[in-house]
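The values are calculated or read from the model by the stated rules, or taken from the named source; none is laboratory data. Please read these numbers as outputs of a predicted model, since none were measured by experiment. Quick reminder, even Gly has a Cβ in these numbers, built from the backbone with ideal geometry, and neighbours come from all protein chains shown. Each accessible area value is taken on the protein alone, full model and side chains, heavy atoms only, with ligands, DNA and RNA left out. Shrake-Rupley method; radii C 1.70, N 1.55, O 1.52, S 1.80 Å.
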Amino acid sequence: MLSSVASQGRSRWEWLQPAAAADTAVPGRRGLQICLGLVWLLDAALQYQPFMFGPFFVTLGIEPATEGNPAFVAGPATWASHVMLTHIAFYNAIFATIQLLIAAGILWRRTIRPALAASVVWSLLVWWFGESLGGILIGSSPLAGVPGGVILYALIAVLLWPAERAPARGAVSPATSGPLDARTANAAWLVLWASFSYYLLLPDNRAADGIAGIFSVTDGQPGWLVWIMNGVSSLAGQRGLEISIVLAIACAVTAAGVFVPAAIRPALVLAAALGLLFWLAEGLGGIFTGQGTDPNTGLLLILLAACYWPRPASRPASRPPAAPRSGGHRR
């Protein structure tokens with residue numbers, strides 16, 4: 001009986017062990033997982049704010065996102081809003097607790113796989129029912145949060161999934177040595193940043209006062225952030241078209257940069273800088289207003305760039321040989 005229990009314990013340990021081995025083989029993966037867990041922890045803290053337990057969380061946050069969307073997006077989101085309004089405090093407590101459990105699961109290495117899987121499922125549900133697909137179907141601007149921060153949680157979770165296959169030789173990144181091969185991971189990067197170029201050049205987003213208008217939305221923000229955003233808004237003035245073209249070119253360069261080995265690091269630095277600019281335009285996701293539910297896309301874009309940063313690969317620690325079993329007989 002004791003040998004059976006020991007065998008089950010070994011099998012469970014072996015199931016958990018590849019995650020640690022993969023993290024060792026790809027430097028930085030575990031650190032990035034911890035960063036993702038901390039962002040989820042921030043999400044949970046924001047969801048526990050008093051504002052979220054009242055109806056305005058729905059009427060001012062979720063319902064406005066449905067405007068202009070097709071019926072298959074707006075319909076389910078509107079239905080979810082009506083359901084939540086019946087017992088908003090109860091549902092919000094559930095939402096916040098789910099995010100807290102996801103954060104704890106990611107931060108604890110033994111539960112990293114189920115936590116990452118849960119984060120992907122939860123992110124997709126929130127993206128559809130809570131963010132109305134992040135404005136991708138109504139032509140929102142990357143400076144206003146398209147494609148929605150929560151879908152980036154799902155993408156990062158997939159990229160940082162503990163892979164059991166050995167990484168390629170030479171410089172590797174956690175994103176390109178995970179469950180997705182380098183070609184698929186780079187394709188995801190290309191689609192994301194190329195779409196930013198597209199959205200920036202849409203007529204409404206390249207309007208003369210479009211950029212200034214986005215930075216002028218400072219309701220509830222602390223004074224220092226209002227000063228920065230108003231300063232950028234004044235600098236932008238009526239030069240929305242010119243700025244949109246420059247930003248679209250920068251996003252296109254960022255999108256293509258990961259396919260040129262010599263340009264990967266400069267492209268990722270540019271991506272982080274653009275992510276910081278987007279985050280500033282988003283008012284840091286409203287995390288200081290008492291009404292923000294998450295840090296929005298800017299912070300996640302910086303974390304995503306870090307996932308693609310090339311690092312020298314290290315060899316995973318070899319397992320010690322198993323001790324030979326005793327061949328003695330009982331008498």
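Output the residue which, of all residues in region 197-217 that are among the β-branched types (V, I, T) and open to solvent by 20 Å² or more (accessible area, probe 1.4 Å), is modelled with the highest pLDDT. So the residue we want is I214.
All conditions but one from (1) surrounded by fewer than 14 Cβ atoms within 10 Å (Cβ to Cβ); (2) hydrophobic (A, V, I, L, M, F, W, C); (3) at pLDDT 95 or above apply to A317; the one that does not is (3).
Here are some residues: N186, N230. Which one is in contact with a Phe, Trp or Tyr (Cβ under 7 Å, 6 or more places away or on another chain), polar (S, T, N, Q) and modelled with pLDDT of 95 or more? If you could, list the steps in order and put the result at the bottom.
Details: N230 fails: in contact with a Phe, Trp or Tyr (Cβ under 7 Å, 6 or more places away or on another chain).
On inspection, the qualifying residue turns out to be N186.
Go through region 206-223 and give me each residue that's under 26 Å from A305 (Cβ atoms) and in contact with a helix residue (DSSP H, G or I) (Cβ under 6 Å, 6 or more places away or on another chain). Give the derivation first.
Of region 206-223, the ones under 26 Å from A305 (Cβ atoms) are 206, 210-211, 214-215, 217, 221.
Once the filter is applied, which keeps residues that are under 26 Å from A305 (Cβ atoms) and in contact with a helix residue (DSSP H, G or I) (Cβ under 6 Å, 6 or more places away or on another chain), region 206-223 yields R206, G210, I211, I214, F215, Q221.
Of the listed requirements (1) at pLDDT below 95; (2) hydroxyl-bearing (S, T, Y); (3) in contact with a helix residue (DSSP H, G or I) (Cβ under 7 Å, 6 or more places away or on another chain), S11 misses just one: (3).
One line per residue, one yes/no per condition, for (1) touching a residue at least 24 places away in the same chain (Cβ under 8 Å); (2) at positive phi; (3) outside any loop (DSSP other than H, G, I, E, B):
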position: V39; (1), (2), (3): yes, no, yes
position: A45; (1), (2), (3): no, no, yes
position: M52; (1), (2), (3): yes, no, yes
position: L60; (1), (2), (3): yes, no, yes
position: N69; (1), (2), (3): yes, no, no
position: W79; (1), (2), (3): no, no, yes
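For region 32-62, the tally of residues that are small (G, A, S), within 16 Å of V150 (Cβ to Cβ) and open to solvent by less than 30 Å² (accessible area, probe 1.4 Å) stands at 2. Taken over region 233-283, the criterion of being of a type in the set (V, I, T), outside any helix (DSSP H, G or I) and surrounded by fewer than 14 Cβ atoms within 10 Å (Cβ to Cβ) is satisfied by V260 alone.
For region 179-214, the tally of residues that are farther than 16 Å from L247 by Cβ and either assigned to a loop (DSSP other than H, G, I, E, B) or β-branched (V, I, T) (or both) stands at 5.
Counting only residues that are open to solvent by 30 Å² or more (accessible area, probe 1.4 Å) and either closer than 15 Å to L277 by Cβ or aliphatic (A, V, I, L, M) (or both), region 218-230 holds 2 of them. Out of all the residues in region 63-76, is one or more open to solvent by 50 Å² or more (accessible area, probe 1.4 Å) and in contact with a helix residue (DSSP H, G or I) (Cβ under 6 Å, 6 or more places away or on another chain)? Looking for residues that are open to solvent by 50 Å² or more (accessible area, probe 1.4 Å) and in contact with a helix residue (DSSP H, G or I) (Cβ under 6 Å, 6 or more places away or on another chain), one finds at least one in region 63-76, hence yes.
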